[in-house]
1. Would segment 39-49 turn up any residue that is surrounded by fewer than 21 Cβ atoms within 10 Å (Cβ to Cβ) and within 17 Å of residue 115 (Cβ to Cβ)?
2. Restricting attention to segment 88-120, which residues are part of a helix (DSSP H, G or I) and over 13 Å from the mean Cα position of the chain (by Cα)?
3. I want to confirm something. Restricting to segment 51-81 and keeping residues that are part of a loop (DSSP other than H, G, I, E, B) and surrounded by fewer than 17 Cβ atoms within 10 Å (Cβ to Cβ), which single residue is farthest from the chain's Cα centre (by Cα)?
4. Could you go through segment 32-48 and let me know if any residue there is outside any strand (DSSP E or B), more than 14 Å from the chain's Cα centre (by Cα) and under 21 Å from residue 133 (Cβ atoms).
5. List the residue pairs whose Cβ atoms are under 6 Å apart, where the first residue sits in segment 115-135 and is without any contact (Cβ under 8 Å) to a residue 40 or more places away in the chain, the second is surrounded by 19 or more Cβ atoms within 10 Å (Cβ to Cβ) and part of a helix (DSSP H, G or I), and the two are 6 or more positions apart or on different chains.
């Protein structure tokens with residue numbers, strides 16, 4: 001398997017640009033796919049499911065792929081709304097605050113940037129969160 005775990009190059013490049021723009025964020029290989037972290041906490045993880053592998057992701061999306069998905073953190077009302085929204089979102093089968101999103105030709109990359117920024121803010125210490133430009137609520 002390639003070092004990016006078979007993740008679609010375009011999705012990986014776009015996520016890399018979004019995630020690495022956040023303060024002190026870094027990228028690394030995950031057990032499968034790629035992940036972005038702040039300190040030692042993962043705020044985004046991208047994987048492509050092919051032929052039912054990796055099985056944990058195939059199970060949670062309900063099919064054997066191919067499908068490229070990103071999982072991330074959310075909180076509060078946004079978490080509840082994303083979990084109820086349906087495609088392209090899904091509730092991950094792990095972690096109380098983990099949500100997933102299908103990435104495909106219809107993906108709104110502006111929305112992905114907002115979601116990755118919010119995920120970062122859920123996981124980052126206050127000092128780093130305060131350095132992130134976020135829209136007023």
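FYI, it's all coordinate maths here, none of it is from the lab. Everything numeric in this text was worked out from a predicted model, so none of it was measured. Quick reminder, even Gly has a Cβ in these numbers, built from the backbone with ideal geometry, and neighbours come from all protein chains shown.
1. Among the residues of segment 39-49, at least one is surrounded by fewer than 21 Cβ atoms within 10 Å (Cβ to Cβ) and within 17 Å of residue 115 (Cβ to Cβ), which makes the answer yes.
2. 110
3. Of everything passing the filter in segment 51-81, 51 is farthest from the chain's Cα centre (by Cα).
4. Yes, that holds for at least one residue.
5. From residues that are without any contact (Cβ under 8 Å) to a residue 40 or more places away in the chain, the pairs are 129/121.
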